[in-house]
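These notes concern the structure reproduced below.
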Amino acid sequence: MGVEPQGESKIHRVLVAGGGAGGLELATKLGDTLGRRGLARITLAERARTHLWKPLLHEVAAGSLRRSQHELNYLAQAHWHHFNYRYGEVIGVEREQRQLVLAAMCDEEGREITPLTRLPYDTLVMAVGSITNDFGTPGAARYAVPLDTPEQATRFNRRLVNAFLRANAQPEPVRPGQLHVAIIGAGATGTELAAELHRTVRDVLAYGFDRIDPEHNVHIVLIEAADRILPALPERISQASARLLEKLGVEIRARSKVAEVRAQGVVLENGDFLPAELVVWAAGVKAPAFLRDFGGLEVNRINQLMVTETLQTTLDPNIFAIGDCACCLRPDGSAIPPRAQAAHQMASHMVAQVRARLEHRPLRPFRYRDFGSLVSLGKYSTVGNLMGALFGRNMMIEGLFARLMYRSLYKMHQAALHGGGAVLWRSLGGFLESRPTPTVKLH
């Protein structure tokens, strides 16, 4: 068991738990401002070694994006931006001692890398994100692949390519459902994955899979319990996306609740059986289970930490929560949705909150601004809406302009981590670089 040194009592210790979009942006900004000048000691605790922007996971799963080109090493980021990185999985907190508890980490051979560790803090910011919620559906954990991490996305892509190799090599014809893909949950991730898979599947099969007919052997079905796909977004976006997916041949099963996932397919609540040996679960999210008993702090039914308008947890003013693991209520009583733009705004707000704590000033309430929603349907289209804060009225956008706006969201995340100038040069370098590589991942 290890205990981090307390350090100089005058140095305020800010500990960020979780290196997702919000947590890594916050640690980077605090490191560049307070850490660099020695005004505070900034530490990021994270169980992964590298960071990948979560909205890119559907592209990794489809095989259209290579992780190595977009992953960011936490150790390097910490070195470049004046904060400390501690490798470990959060398992608890000791509020009286102001210590965050990290589990011992072991390698694939069972050898210990880091011991059970307690990290001291003066300000703790929980940014541990969310995980897939399969609602206890029988067979989901065993047969369906979630898309919470790059490893899971890579796992599905490998399973997909292996299925094609197996079907192409077997002496018998392709079985019904053998190369069918069932995507459970038609939110942004599921809908974007359906469109991306339609293209990448055909690209993969062009590399010598001559015994597989993509039009007859491969089928994608998108399953949604609500009345329409993209139920959290405006209906116009949902309708435009549905029309495009149906044109591509993607089957949409709305108002269809999944009762069971089997090795050979999916059973719906009405008794229908959809044959599919490749299943992705993209329906519903919840905060990690360890938050249910996290120092006795208040949580909601999906394990999110309840926070006040200052983003402080309701029972401990020294612990904050941002992003998907936080339940922050708006003035009308509705919860801020677990979306990337909310995590980005909360991270920016927390920079000012930490400064205020250092200077013993009152904290400011957080106000979420919804700038709209964008859904990328691969090379086929991008649809979305921009909210009135930008244009004075809500505005639906589609096509090239929407695609540029969608790509700009990732550029904004990169700029928060590296600076605008670095992102500009990287983009220019990527545009000029040309290599004869496959357009999809084949292994």
List the residues, sorted by chain then number, that are 5 or more residues from G265 or on another chain and whose placed amide H is less than 5 Å from its amide H. A276
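For each pair in K379/K411; K29/K411; K29/K54; K54/K379; K257/K411, compute the distance between the two Cα atoms and list the pairs where it is over 27 Å.
Details: K379/K411 18 Å; K29/K411 16 Å; K29/K54 20 Å; K54/K379 19 Å; K257/K411 36 Å.
Flagged as over cut-off: K257/K411.
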For the chain, the charge dipole (Cβ of Lys, Arg +1; Cβ of Asp, Glu -1; about the Cα centre) points to a positive end, and the Cα of G139, V250, P150 closest to that extreme belongs to P150
Two-decimal log10 I(q)/I(0) for the range 140-283, as the Debye equation yields it once each C-alpha is a single scatterer, q = 0.10, 0.18 Å⁻¹: -0.32, -1.05
Report, in whole Å, the centroid distance computed from the Cα atoms of the range 159-208 and the range 281-320. 37 Å
In whole Hz, what ³J(HN,Hα) sequence does the range 58-71 give by Karplus (6.51, -1.76, 1.60; θ = phi - 60°), x for Gly and Pro? 5, 6, 5, 5, 7, x, 8, 9, 8, 4, 4, 7, 10, 6
Name the long-range amide H neighbours of N73: under 5 Å, sequence gap of 5 or more, or other chain; modelled H, no Pro or chain starts. H51
So what is Rg over Rh here for the chain, counting just Cα atoms and using Kirkwood for Rh? 0.98
Convex hull over the alpha-carbon atoms of the range 177-254: what's its volume per residue in Å³? 77 Å³
HN-Hα couplings for the range 171-186 via Karplus (6.51, -1.76, 1.60; θ = phi - 60°), in whole Hz with x for Gly/Pro, come out as x, 7, x, 4, 6, x, x, 4, 10, 8, 10, 9, 10, 9, x, 10
Treat the count of other C-beta atoms within 10 Å as a stand-in for reagent exposure and order S256, S334 from fewest to most. S334, S256
What is the angle, in °, between the Cα long axis of helix 400-418 and the longest principal axis of the Cα atoms in the chain? Nearest 10 is fine, range 0 to 90. 40 degrees
From the backbone phi of the range 353-361, what are the Karplus-calculated ³J(HN,Hα) couplings (6.51 cos²θ - 1.76 cosθ + 1.60, θ = phi - 60°) in whole Hz, Gly and Pro given as x? 5, 5, 4, 5, 5, 5, 9, 6, 9
The answer for V16, listing residues at least 5 apart or on another chain whose modeled amide H is closer than 5 Å to its amide H, is T43, L44, A45, V125
Mean projected area (nm²) from the convex hull of Cα positions in the range 16-167 is 11.6 nm²
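Rounded to the nearest 5, what is the percent of antiparallel bridges among the DSSP beta bridges in the chain? Intermediate results must be reported in sequence, preceding the final value.
Values: 36 of 74 bridges.
The antiparallel fraction comes to roughly 50 percent.
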On a 0 to 90 degree scale, rounded to 10, what angle separates helix 188-205 from the longest Cα axis of the chain? 50 degrees
Rounded to the nearest 10 degrees, what's the angle between the helix 420-432 long axis and the longest principal axis of the chain, both from Cα atoms, 0 to 90? 30 degrees
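No lab work stands behind these numbers, since they all come straight from the coordinates. It should be emphasised that the depicted structure is a prediction, and the values quoted were computed from it without experimental measurement. Don't worry about glycine lacking a Cβ; one is built from the backbone with ideal geometry, like all the others, and counts go over all protein chains shown.
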